[in-house]
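Everything below concerns the one structure shown next.
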Amino acid sequence: MKSFALKNRFKKMYIQKKENVSGSVLKGILLMISSMTIVPIMDGLAKFLSSDYPIAEVVWGRYIFHFFYLFPIVLFKYGPSALLPRHLALQIIRGGLLVCSTFFFFAAIAEMPLADTLALVFISPIIVTTLSSVLLGEVVGVRRWSAVSFGFLGALVIIRPGFNNIEIGTIFALTAGTIYAFYIIATRKLSGSAPPLITLTFTALLGAVIMSVLVPFQWIEPSKIDWLLMAAMGACAALGHFLLIKAFDNAKASVLAPFSYFEIIVATIIGFVIFDDFPDTITWLGIGIIILSGVYISVRERKVGEKSLEMEAKESNSKDLSNRVTRNANR
């Protein structure tokens with residue numbers, strides 16, 4: 001009877017937990033889609049501005065306005081000490097990686113269509129899976145290794161080595177994706193060390209400081225319209241990443257990961273409407289392969305996570321039953 005009651009209790013707990021989670025998942029997905037709609041607008045503005053201004057100046061505009069928008073919120077909510085978060089050295093490394101990735105990404109979109117560039121940058125989750133087994137000690141199964149290989153095949157389809165000379169923009173895009181993978185690893189290491197909003201604002205501050213040192217050497221005074229475009233670019237960065245944070249507050253990363261590829265769709269629309277760029281058939285094939293690979297990896301990670309959660313719940317209930325038996329024996 002006790003065993004039957006324990007099974008029923010575990011079943012009710014599991015069902016209740018799943019219902020509570022599913023209640024916020026839809027909200028998280030909608031927030032993710034909203035974020036992935038706004039971020040490509042920032043990319044489009046960066047591509048437009050890069051035709052008249054140095055890449056360093058465009059990156060500076062992205063981070064300086066990003067910081068100005070978020071700083072008052074963080075100051076009001078957490079106070080000035082929040083800009084000196086815990087694990088400062090790792091925070092600086094993490095922020096520096098994102099700034100470098102942004103620089104190479106903006107350099108890539110100045111040379112290539114938005115969708116093509118994003119597709120190559122989206123190899124970062126695939127690289128993360130590879131690095132996780134080495135740097136984080138995570139166990140990666142045969143299926144995920146197969147998906148990693150499949151994803152790299154997609155990148156090769158887009159690049160088409162041997163058929164054309166590899167463009168400098170392709171090298172910039174792959175560099176941005178690789179650096180971004182290390183940024184994700186650093187973010188995992190820092191998980192829980194500071195509220196995401198503080199980390200986001202600190203990264204914006206770091207980017208503004210770094211680029212403020214570099215930009216005077218190649219500064220071109222922006223026109224009034226271009227100042228507004230830079231401000232809009234920073235606003236898109238701040239709002240897009242803020243919505244991303246809220247999305248992760250409502251749903252797991254493994255659930256949201258497939259919806260991050262919505263960014264490629266929006267980028268394709270912006271590229272076609274504004275820049276008259278549209279991926280060819282072979283590029284779409286490569287994009288599809290990378291998306292399928294990334295989605296499969298995220299689904300496998302979710303299944304592995306659910307199994308771990310179920311095992312933890314069973315162990316918790318087993319310990320609870322053991323404690324009850326011990327208490328009864330001591331009476």
Does anything in the range 215-244 have its amide N under 20 Å from the 7 Å Cα→Cβ label point of I274, and if so which residues? 222-244
Find the relative contact order for the range 48-130 and round it to a whole percent, using C-alpha pairs within less than 8 Å whose residues are 6+ positions apart. 36
Counted neighbours (other Cβ, 10 Å), sorted fewest up, put W60, W227 in the order W227, W60
Where Rh denotes the Kirkwood radius from the mean inverse Cα pair distance, what is Rg over Rh for the range 193-279? 1.04
When Lys and Arg each count +1 and Asp and Glu each count -1, what net charge do the other residues less than 9 Å away from L114, Cβ to Cβ, add up to? -2
What does the net charge come to around I220 if you take all other residues with beta carbon closer than 10 Å to its beta carbon, with K and R at +1 and D and E at -1? -4
Would you mind counting up the charge near A235? Only other residues with Cβ under 14 Å from its Cβ, with Lys and Arg at +1 and Asp and Glu at -1. 0
Give K27/K47; K27/K189; K27/K252; K27/K246 a once-over and call out the pairs whose C-alpha atoms are over 20 Å from each other. K27/K47; K27/K189
With label points set 7 Å from each Cα along the Cα-to-Cβ direction at L75 and A232, the distance between them in nm comes to 2.7
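Every number in this text was worked out from the coordinates using simple rules, so none of it is lab data. Quick caveat: nothing in here was measured; it's all calculated off a predicted structure. As a convention, Cβ positions derive from the backbone with ideal geometry for all residues, glycine included, and neighbour counts pool all protein chains shown.
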